[in-house]
1. Please go through the range 136-174 and give me each residue that is buried (at least 21 other Cβ atoms within 10 Å of the Cβ) and over 20 Å from Met283 (Cα atoms), ordered by number.
2. Quick one: how many residues across the range 278-288 are in contact with a strand residue (DSSP E or B) (Cβ under 8 Å, 6 or more places away or on another chain) and not in a strand (DSSP E or B)?
3. Looking for whichever is out of contact with any Phe, Trp or Tyr (no Cβ under 8 Å at 6 or more places or on another chain) and closer than 23 Å to Gly237 by Cα here; the options are Leu349, Leu322. Which one fits?
4. For Lys384, are the conditions met, namely being of a type outside the set (A, V, I, L, M, F, W, C) and surrounded by fewer than 21 Cβ atoms within 10 Å (Cβ to Cβ)?
5. Return only the number of the condition from (1) surrounded by fewer than 19 Cβ atoms within 10 Å (Cβ to Cβ); (2) more than 19 Å from Ile285 (Cα to Cα) that Lys301 does not satisfy.
6. Given the residues Ala255, Ala212, Ala232, Ala266, which is the only one that is modelled with pLDDT of 95 or more, among the small types (Gly, Ala, Ser) and in contact with a helix residue (DSSP H, G or I) (Cβ under 8 Å, 6 or more places away or on another chain)?
7. Can you list the helices (runs of 4 or more DSSP H) lying wholly within the range 290-392 that have 2 or more residues being within 30 Å of Gly267 (Cβ to Cβ) and basic (Lys, Arg)?
8. Could you list, in sequence order, the residues of the range 258-286 that are of a type in the set (A, V, I, L, M, F, W, C) and either over 20 Å from Glu233 (Cβ atoms) or touching a Leu at 6+ places or on another chain (Cβ under 9 Å) (or both)?
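The values are calculated or read from the model by the stated rules, or taken from the named source; none is laboratory data. Fair warning: this is a prediction, and the values are worked out from it, not measured in the lab. In this analysis, Cβ positions are derived from the backbone assuming ideal geometry, glycine residues included, and neighbour counts consider all displayed protein chains.
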Amino acid sequence: MSSELIHRNQTRDQTTDSSSHRDNPLPRTRTNIINMLLNRVPFLLIGIAISTFFFHYLPSRSTLPQHHDSSSFVGTELTLPTRRVLLEEHGRDERKRRVPLAVGLKSKRQKRVLVTGGAGFVGSHLVDRLIERGDNVIVIDNYFTGRKENVVHHIGNPNFELIRHDVVEPILLEVDQIYHLACPASPVHYKFNPTNVVGTLNMLGLAKRVGARFLLTSTSEVYGDPLQHPQAETYWGNVNPIGVRSCYDEGKRVAETLAMDYHRGAGIEVRIARIFNTYGPRMCIDDGRVVSNFVAQALRKDPLTVYGDGKQTRSFQFVSDLVEGLMRLMEGEHVGPFNLGNPGEFTMLELAQVVQETIDPNAKIEFRANTEDDPHKRKPDISKAKELLGWQPSVSLREGLPLMVADFKQRLFGDGDKGAAAA
């Protein structure tokens with residue numbers, strides 16, 4: 001019995017002693033913490049030294065080259081105003097450096113050139129010249145007025161690419177220059193599908209993103225029914241803002257405004273051409289413009305329709321002259337706007353007589369009521385283009401018209417010889 005009590009007392013004493021050790025761990029823990037800190041102090045000092053060296057001796061982020069991935073710009077310029085403002089300040093100088101400042105019409109390196117509306121009448125002739133020069137050309141066209149046949153001869157050329165696309169939707173491409181021609185230019189088409197403002201805004205947005213030089217093909221219609229004759233670039237015009245032609249007239253005026261705003265506000269290199277009446281092969285046959293109307297009517301043995309009294313005047317330039325002017329403007333160092341047109345002035349009756357002489361002397365002339373807001377006089381003052389671009393037209397109406405007639409015969413009758421016989 002006594003031995004059992006002794007055993008129990010010893011067990012209780014051992015338990016109490018061990019629990020006292022568990023309840024009072026402070027002396028051993030404090031020693032461990034001090035030892036741990038002493039062991040880690042060297043590593044802490046080394047980390048501070050590395051951080052100090054990194055921030056003081058390596059270049060900061062703001063001095064490193066900024067490279068912007070164009071794929072991050074998925075939205076349009078209209079939906080990302082905040083991002084536009086943020087990118088403008090630190091990206092403007094670099095975009096200027098990326099733009100190739102070409103001298104003359106020859107380049108030391110192959111350019112990547114985008115031509116909007118490149119399957120159209122003027123655009124396809126411009127593409128021919130750019131390909132001939134050796135540029136890498138991308139054409140986008142929705143074929144509203146353009147035709148694949150106009151550029152099909154370039155299919156298979158490694159320097160040529162054709163994309164079906166409407167400029168009213170954004171597109172992302174890496175290019176050096178943008179010739180913006182995409183816009184219906186005849187009353188028949190632009191009254192149905194005006195695209196000036198949105199298409200121009202999208203292409204200016206693209207030019208800003210990739211640092212491309214941008215050429216806007218504006219029009220002599222920005223002068224409206226002019227009170228100044230001939231029209232110089234300093235003339236502000238006389239335009240009806242709510243007329244049946246205003247979607248084109250005012251649309252082009254807004255396009256010029258947008259181009260200059262991007263030039264002044266975002267540093268985009270911009271060129272503006274105001275194109276006067278142009279004719280030549282590949283024009284749309286039934287587009288409502290006077291030259292194509294007269295030629296198609298004479299070939300079909302229909303009367304030549306003259307609107308009003310026929311005393312309205314126009315100036316007509318051959319398409320090759322226009323293309324030369326556009327290329328000189330793009331490669332030059334002047335923003336513009338520049339009038340590109342032939343200062344030779346013809347009344348509508350005189351034009352009808354030239355068509356008669358070229359196609360059918362027996363063609364009849366039929367007068368009809370004039371259309372609304374039809375300008376009475378139109379003639380360019382090209383003094384500025386002569387002086388600063390060294391450009392002036394070289395093909396007269398009587399020289400260029402037969403070339404257009406031959407093209408229309410082929411397209412209307414399918415065979416040049418048959419077309420000549422039918423005429």
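1. Keep residues of the range 136-174 that are buried (at least 21 other Cβ atoms within 10 Å of the Cβ), which gives 137-141, 145-146, 150-151, 167.
Within the range 136-174, Val137, Ile138, Val167 qualify.
2. Here is the first cut: in the range 278-288, the ones in contact with a strand residue (DSSP E or B) (Cβ under 8 Å, 6 or more places away or on another chain) are 278-280.
Subset that is not in a strand (DSSP E or B): 280.
So the count comes out to 1.
3. Leu322
4. On the way: of a type outside the set (A, V, I, L, M, F, W, C): yes; surrounded by fewer than 21 Cβ atoms within 10 Å (Cβ to Cβ): yes.
When the stated conditions are applied, Lys384 passes them.
5. Going through the list (1) surrounded by fewer than 19 Cβ atoms within 10 Å (Cβ to Cβ); (2) more than 19 Å from Ile285 (Cα to Cα), Lys301 breaks only (2).
6. Values: Ala255 fails: modelled with pLDDT of 95 or more; Ala232 fails: modelled with pLDDT of 95 or more; Ala266 fails: modelled with pLDDT of 95 or more.
Checking each option against the conditions leaves just Ala212.
7. Working: elements: 290-299, 319-331, 348-358, 383-389.
So the answer is 383-389.
8. From the range 258-286, those of a type in the set (A, V, I, L, M, F, W, C) are 258-260, 266, 268, 270, 272-273, 275-276, 283-285; that's our starting set.
Passing the criteria: Leu258, Ala259, Ala266, Ile268, Val270, Ile272, Ala273, Ile275, Phe276, Met283, Cys284, Ile285.
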